[in-house]
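The values are calculated or read from the model by the stated rules, or taken from the named source; none is laboratory data. These figures come from a predicted structure and were not determined experimentally. Please note: Cβ atoms are built from the backbone with ideal geometry, for glycine as well, and neighbour counts cover all protein chains shown. Surface areas here come from the heavy atoms of the whole protein model, side chains and all, with no ligands, DNA or RNA. Shrake-Rupley method; radii C 1.70, N 1.55, O 1.52, S 1.80 Å.
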Amino acid sequence: MEQHKIERINELARKNKAEGLTPEELAERDALRREYIQSYVGDLKSQLDHTYIVDKQGRKRKLRQKEGQ
């Protein structure tokens, strides 16, 4: 996610605490938050896709996603 979008999320959070947000700002904040969460989850999944477990014998195996998830 671009830095300017993160800064906008923080700006809207500060404004919400200070004076509240308009309906348009609430919609913008919600859309930016959804985008941030999707980006975070995607980055985490990518990192886990490239993670290996090494057992006591030194064998490497990839992490697998749990069934049903």
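Could you count how many residues in segment 11-38 are of a type in the set (Lys, Arg) and more than 15 Å from residue 1 (Cα to Cα)?
Of segment 11-38, the ones of a type in the set (Lys, Arg) are 14-15, 17, 29, 33-34.
Okay, now just the ones that are also more than 15 Å from residue 1 (Cα to Cα), so 14-15, 17.
Qualifying residue count for the region: 3.
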Practice prompt. State all residues of segment 1-38 that are touching a residue at least 24 places away in the same chain (Cβ under 8 Å) and of a type in the set (A, V, I, L, M, F, W, C); if no residue qualifies, say none.
Written response: 1, 6, 9, 32
Worksheet entry | Index of the failed condition, residue 14 passing every other in (1) open to solvent by 100 Å² or more (accessible area, probe 1.4 Å); (2) modelled with pLDDT under 95 | (2)
Practice prompt. Quick one: count up the residues across segment 18-69 that are open to solvent by 80 Å² or more (accessible area, probe 1.4 Å), not aromatic (Phe, Trp, Tyr) and not in a helix (DSSP H, G or I).
Written response: 15
Response to the item:
With the first residue restricted to segment 40-69 and required to be without any contact (Cβ under 8 Å) to a residue 12 or more places away in the chain, and the second required to be assigned to a loop (DSSP other than H, G, I, E, B), Cβ contacts under 7 Å at 6 or more apart or on different chains are 53/63
